[in-house]
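For reference, the structure discussed in these notes is given below.
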Amino acid sequence: MTDLVSSVLSGNRRALARLLTHIQNETDEAGRALAALYPHTGRAHLIGVTGAPGTGKSTLVNALARAYRQQGRTVGIIAVDPSSPFSGGAVLGDRIRMQDLSGDPGVFIRSMATRGSLGGLARATGDSVRALDAGGFEVILIETVGAGQGEVDIAHAAHTTLVVEAPGLGDDIQAIKAGILEIADILVVNKADRPDAPQTVHALRAMLDLGARGPHDRWQAGALLPAQTPSTPQASGPARWDTPLAQTVALDGTGIPELVTLIDRHHDFLRETGQWKRWERTRLEQELAGRLQDALLARLLKETPHATIQFVLDQLVSRQLDPGSAVTHLLNNSHLSSSRYDQAGASSS
Ligand SMILES: Nc1nc2c(ncn2[C@@H]2O[C@H](COP(=O)(O)OP(=O)(O)OP(=O)(O)O)[C@@H](O)[C@H]2O)c(=O)[nH]1
Ligand SMILES: [Mg+2]
């Protein structure tokens with residue numbers, strides 16, 4: 001076991017910070033450490049916090065962290081920075097957070113910058129969460145701005161997803177269109193102190209009753225294996241989770257204890273119905289599929305001369321070749337193909 005790994009496991013903050021930097025820089029050291037840490041992960045409750053810019057996510061995460069600390073639970077926070085330069089809220093929220101929670105050894109905060117591809121960010125976020133999990137943090141809050149599907153996906157890669165809405169911040173229908181309500185395990189109307197809050201609550205309740213509230217079969221999707229239809233009912237407990245609506249004033253802590261209770265209830269629901277395990281399996285299947293996709297594409301591109309790809313592209317543009325056949329052609333001429341094609345490729349070259 002390397003120094004870094006054993007230090008992270010023993011709760012050394014500086015080692016954890018170093019590992020997170022390795023993860024963000026995608027170094028080989030990160031890969032080695034994560035492999036060694038992997039058996040020590042899977043214990044933390046991962047809570048995603050997503051929603052439109054400025055709804056109060058950072059303030060809410062802050063308030064939740066404080067509540068968990070009062071209960072003696074340790075908290076990791078991963079804030080995925082919005083890619084938009086127009087959002088000043090993140091800066092403010094993070095500044096408040098730093099003042100409020102820094103110096104508490106039971107809290108670890110890390111911001112992730114949107115650098116490069118969203119897929120890369122999602123992976124770095126997932127790896128960072130694993131590092132915090134191995135470091136012994138019991139609750140991990142993952143804040144993302146739910147502006148794009150990619151960011152939503154990051155927050156959704158949690159056991160419990162909070163979707164944060166605020167009154168008067170644009171069209172609620174917009175959020176529903178983006179499918180953001182459907183991913184909510186708990187819908188939070190923050191800024192409940194605002195006079196227009198009751199209207200927002202009313203509108204969102206109506207939406208939940210209309211059908212956004214449904215059986216949460218989202219962990220059935222098969223990324224590699226065919227999706228399985230849920231044939232047998234869950235062994236125990238209700239298999240259905242009705243998305244509750246919580247009202248909070250993150251600024252002064254109103255509604256936070258109730259929200260913590262709802263989050264715990266969702267945790268227990270997942271454990272008792274076996275959905276926690278199902279979630280784990282589906283998540284890992286998706287991650288494996290994503291990593292395989294990237295690795296196979298990288299390998300193919302490494303093995304295929306640049307000129308070949310240009311040639312294929314030319315043929316696509318001139319309509320001499322269709323994209324489907326192009327894929328077959330490229331695969332047949334790479335080492336990813338079956339040995340039959342390998343031999344054919346070798347003899348023709
Ligand atoms: N009135 C009121 N204002 C709040 C509440 N919670 C947060 N705010 C304010 O809303 C603004 C945005 O808060 P943030 O926590 O930064 O919001 P955010 O969703 O993290 O913002 P982005 O990260 O930029 O998307 C700040 O000025 C907060 O002080 C609340 O419960 N009531
Ligand atoms: Mg924020």
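Observations on the structure shown:
- Length gained when the stretch ARG265-GLN315 is fully extended (0.36 nm per residue, less Cα-Cα span): 12.3 nm
- Once the 1.4 Å probe is applied to the protein heavy atoms, the range 239-302 comes out at 58 Å² accessible per residue.
- Entry note, the range 1-70: relative contact order of 22 percent, from Cα contacts under 8 Å with a spacing of 6+ residues.
- Per residue, the range 1-70 exposes 46 Å² of solvent-accessible protein surface, assessed with a 1.4 angstrom probe and all protein chains in place.
- Peptides 279-292, 245-258 ordered by average Cβ neighbours within 10 Å, highest first: 245-258, 279-292
- Full extension of the chain between SER111 and LEU284 gives 59.9 nm of extra length, using 0.36 nm per residue less the Cα-Cα distance.
The values are calculated or read from the model by the stated rules, or taken from the named source; none is laboratory data. Everything numeric here is computed off the predicted structure, so don't read it as measured data. When we count neighbours, we look across all protein chains shown, and the Cβ atoms used for this are built from the backbone with ideal geometry, even at glycine. The protein model used for the area step is the full one, side chains on, heavy atoms only, and it has no ligands, DNA or RNA in it. Shrake-Rupley method; radii C 1.70, N 1.55, O 1.52, S 1.80 Å.
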